[in-house]
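The values are calculated or read from the model by the stated rules, or taken from the named source; none is laboratory data. As the structure is a prediction and not an experimental result, all values here were calculated from the model. Cβ coordinates were reconstructed from backbone atoms using ideal geometry, including for glycine residues, and neighbour counts include every protein chain displayed.
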């Protein structure tokens, strides 16, 4: 398999201070699908608006970063249950084939980010006819 | 949760309106936030990848049930080379208590987050008493 998913090493080299700093940066779950002409990365980002997501593609790594804006709660409200702690997130996916970087596209729908990375011509399968 | 809380989170799930078309799929309880104002309780829940039509919010007596089916997974199943997203059904149940007007519960879904507003009966709302 050509693809590698990079898990953040932040926890390994973080100081105690970083560990106790709340909220911590989270790593959204991703699915990766590869087709003949493209690779599609889907990330789970509920509650995140598309303007709060940044995507970068450097060399062969797609990086998804961004922020989840906190819930707007009326001033006098009392919090009874608080389970959702995601504020900022980061995830990188290494793509194992040459990518047509100009043609990368992304969309957000129902809290799911979909990034389409078209393969560069050299990375697409070619059928050779036997004469 | 404080002792005054009308909403309790139930672990078990008595009656789920979830379709059981695939036997080996699991049902996950999505993370929830609940806050209380003078007039209502507001519940928010992460339901990413769920079409609005598949979200069911039901109130039966004092029980609020939220269920949803993630249909996103049908799409890229065969081409998947890396998989982390659990394409499950979501379900969670809350005990509402007696001070909620179950007839006017409202729900909306946006950006993968469900928001349910549970208004309190007027009698359960704090009342300011004028001092003459």
Fill in the blank from the handout: Within segment A:77-95, of all residues that are more than 9 Å from chain B (Cβ to nearest Cβ) and farther than 30 Å from residue B:41 by Cα, the one surrounded by the most Cβ atoms within 10 Å (Cβ to Cβ) is A:91
Exercise for the section: Scan segment B:109-132 for residues that are exposed (fewer than 12 other Cβ atoms within 10 Å of the Cβ) and within 14 Å of chain A (Cβ to nearest Cβ) and jot them down. Expected result: B:126, B:128
Fill in the blank from the handout: Counting only strands (runs of 3 or more DSSP E) entirely within segment B:1-69, those with at least 1 residues that are at pLDDT 50 or above and more than 14 Å from every other protein chain (Cβ to nearest Cβ) are B:56-60, B:63-69
Completion exercise
Flagged in segment A:96-131 as within 13 Å of chain B (Cβ to nearest Cβ), part of a loop (DSSP other than H, G, I, E, B) and touching a helix residue (DSSP H, G or I) at 6+ places or on another chain (Cβ under 8 Å), in numbering order, are A:97, A:110
Handout entry: Identity of the residue in segment A:24-35, closer than 14 Å to residue A:90 by Cα and assigned to a strand (DSSP E or B), that ends up nearest to the chain's Cα centre (by Cα)
Key = A:30
Problem - Positions within segment A:24-44 being at the interface with chain B (Cβ under 7 Å from one of its Cβ atoms) and within 20 Å of residue A:83 (Cβ to Cβ), in sequence order - result: A:29, A:44
Exercise for the section: Collect the residues in segment A:51-69 that are loosely packed, with under 13 Cβ neighbours inside 10 Å, within 12 Å of the chain's Cα centre (by Cα) and touching a residue at least 12 places away in the same chain (Cβ under 8 Å), keeping them in residue-number order. Expected result: A:54
